[in-house]
1. Could you check Tyr8 against (1) aromatic (Phe, Trp, Tyr); (2) free of Cβ contacts under 8 Å to residues at least 24 places away in the same chain; (3) open to solvent by less than 60 Å² (accessible area, probe 1.4 Å) and say which number it fails?
2. Taking Gly56 as the residue in question, decide whether it is small (Gly, Ala, Ser), out of contact with any Leu (no Cβ under 7 Å at 6 or more places or on another chain) and part of a loop (DSSP other than H, G, I, E, B).
3. So Asp50 fits all but one of (1) farther than 26 Å from Ser10 by Cβ; (2) open to solvent by 70 Å² or more (accessible area, probe 1.4 Å); (3) among the charged types (D, E, K, R); what number is the exception?
4. Only one of these is on the phi > 0 side of the Ramachandran plot, of a type outside the set (A, V, I, L, M, F, W, C) and modelled with pLDDT of 95 or more: Gln30, Gln41. Name it.
5. Kindly indicate the residue of the range 54-70 that is in contact (Cβ under 8 Å) with a residue 24 or more places away in the chain and either of a type in the set (D, E, K, R) or within 9 Å of Ser33 (Cβ to Cβ) (or both) and also least open to solvent (accessible area, probe 1.4 Å) among those meeting that condition.
6. Run Ala14 past the list (1) open to solvent by 70 Å² or more (accessible area, probe 1.4 Å); (2) assigned to a helix (DSSP H, G or I); (3) touching a helix residue (DSSP H, G or I) at 6+ places or on another chain (Cβ under 8 Å) and report the number of the one that doesn't hold.
7. Among (1) exposed (fewer than 10 other Cβ atoms within 10 Å of the Cβ); (2) part of a loop (DSSP other than H, G, I, E, B), there is one condition Gln27 misses while meeting the rest; what is its number?
Amino acid sequence: MTVQRTVYASPVEAIAALIRSLVAYEQRYQMSSADFYARYQGGDMGDSADFVEWAGDYQHYLQLKEEVEQKLVATGG
């Protein structure tokens, strides 16, 4: 399996790309990413390639979101 890495100019661009990916999974599997992730962590979703990627994208989204929120608080935004 080849891992492809994309570099974004800003965290906002990265979040936007992740949201597009998450929305595609949500539409395909008819559940929110938060619900999926809770079920995935509970061992209820299996480990198909789609689910592993979805979980990874959701984790990355949460990390970037937290990072951006912290920067906004620090700058008074």
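The values are calculated or read from the model by the stated rules, or taken from the named source; none is laboratory data. Fair warning: this is a prediction, and the values are worked out from it, not measured in the lab. In this analysis, Cβ positions are derived from the backbone assuming ideal geometry, glycine residues included, and neighbour counts consider all displayed protein chains. These area figures cover heavy atoms from the full protein model, side chains too; ligands, DNA and RNA do not enter into them. Shrake-Rupley method; radii C 1.70, N 1.55, O 1.52, S 1.80 Å.
1. The number of the failed condition is (3).
2. no
3. Tallying (1) farther than 26 Å from Ser10 by Cβ; (2) open to solvent by 70 Å² or more (accessible area, probe 1.4 Å); (3) among the charged types (D, E, K, R), Asp50 fails exactly one: (2).
4. From the options Gln30, Gln41, the qualifying one is Gln30.
5. Trp54
6. Going through the list (1) open to solvent by 70 Å² or more (accessible area, probe 1.4 Å); (2) assigned to a helix (DSSP H, G or I); (3) touching a helix residue (DSSP H, G or I) at 6+ places or on another chain (Cβ under 8 Å), Ala14 breaks only (1).
7. Against the list (1) exposed (fewer than 10 other Cβ atoms within 10 Å of the Cβ); (2) part of a loop (DSSP other than H, G, I, E, B), Gln27 comes up short only on (2).
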